[in-house]
Ligand SMILES: Cc1cc2nc3c(=O)[nH]c(=O)nc-3n(C[C@H](O)[C@H](O)[C@H](O)COP(=O)(O)O)c2cc1C
């Protein structure tokens with residue numbers, strides 16, 4: 001699919017089919033994420049793919065209970081990808097401190113969107129998940145407590161007819177201009 005068509009086609013998916021995702025397809029999505037640019041080429045990310053049904057269910061029960069219940073739909077997804085935000089290279093950290101910019105967050109955002117768009121191109125649905133119980137996810141996957149998890153991705157096959165309403169976007173003249181603010 002042409003890139004702009006793919007971008008128009010992609011929507012967050014919150015209703016998944018009970019169908020496993022082939023490891024080959026997950027590997028292609030990971031390859032797309034791996035190729036993302038990052039500040040000082042830090043590549044400050046690690047991905048833990050949870051596709052074992054029992055483990056995935058345990059993870060979801062812990063990650064999306066109590067105040068996080070709004071994301072309980074994630075239990076339907078056959079795959080959860082946990083993104084570990086690793087440390088940027090020293091130069092990117094120092095530069096970020098001077099600029100007041102968290103380059104690592106920009107970096108993982110790009111990598112995740114590469115993953116998401118590749119998934120869409122393979123006919124798979126995704127949803128970014130920023131609201132989850134980070135401590136519970138770390139305990140279940142034995143991720144050291146000092147690591148930072150900012151985002152999860154849920155992944156799976158979906159029924160396009162069952163997607164929710166479009167989320168509108170601002171028109172271009174409201175978000176962009178030429179040569180002046
Ligand atoms: C950083 C980030 C965090 C998000 N966290 C959640 C979340 O916790 N739960 C959820 O259902 N959607 C989450 N989303 C999805 C957004 O709600 C969604 O992308 C937005 O409403 C636009 O809709 P669309 O993706 O269908 O175009 C998140 C998206 C981003 C980029």
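Just so you know, all these numbers are worked out from the coordinates, no wet-lab data involved. Nothing here was measured: the structure is a model prediction, and the numbers come from that model. Note: ideal-geometry Cβ built from the backbone for every residue, glycine included; neighbour counts use all protein chains shown.
Under 1.5 on a/c is rounded, so check that first for the chain, then, if it is not, pick prolate when a/b is larger than b/c and oblate when it is not; a ≥ b ≥ c are the square roots of the alpha carbon gyration tensor eigenvalues. Intermediate results must be reported in sequence, preceding the final value.
Details: a/c = 1.64, a/b = 1.12, b/c = 1.46.
Because a/c hits 1.5 or more and a/b fails to exceed b/c, the chain counts as oblate.
Could you sort the peptides 153-160, 4-11, 29-36 by per-residue average Cβ neighbour count (10 Å cutoff), highest mean leading?
153-160, 29-36, 4-11
Could you sort the peptides 117-124, 95-102 by per-residue average Cβ neighbour count (10 Å cutoff), highest mean leading?
Highest-to-lowest ranking by the protection proxy: 117-124, 95-102.
Quick one: 85, 66, 139, fewest Cβ neighbours within 10 Å first, how do they rank? Don't jump to the answer; show the numbers that get you there.
Numbers: 85 18, 66 7, 139 12.
Ordered by Cβ neighbours within 10 Å, fewest first: 66, 139, 85.
Give me 24, 113 sorted ascending by neighbouring Cβ count inside 10 Å, so fewest comes first.
24, 113
What nm distance separates the two modelled labels at residue 17 and residue 1, each placed 7 Å from Cα along Cα→Cβ?
Result: 1.5 nm between the two label points.
Give the percent of DSSP beta bridges with both residues in the chain that are antiparallel, rounded to the nearest 5. All intermediate terms of the calculation are to be shown ahead of the outcome.
Values: 19 of 20 bridges.
Roughly 95 percent of the DSSP beta bridges within the chain come out antiparallel.
Please give the calculated 222 nm ellipticity per residue for the chain, where each DSSP H segment of at least 4 residues contributes -39500 (n - 2.57) and the sum is spread over every residue; nearest 500 deg cm²/dmol?
On the way: 7 runs with 70 residues, N = 181.
Mean residue ellipticity at 222 nm (helix-derived): -11500 deg cm²/dmol.
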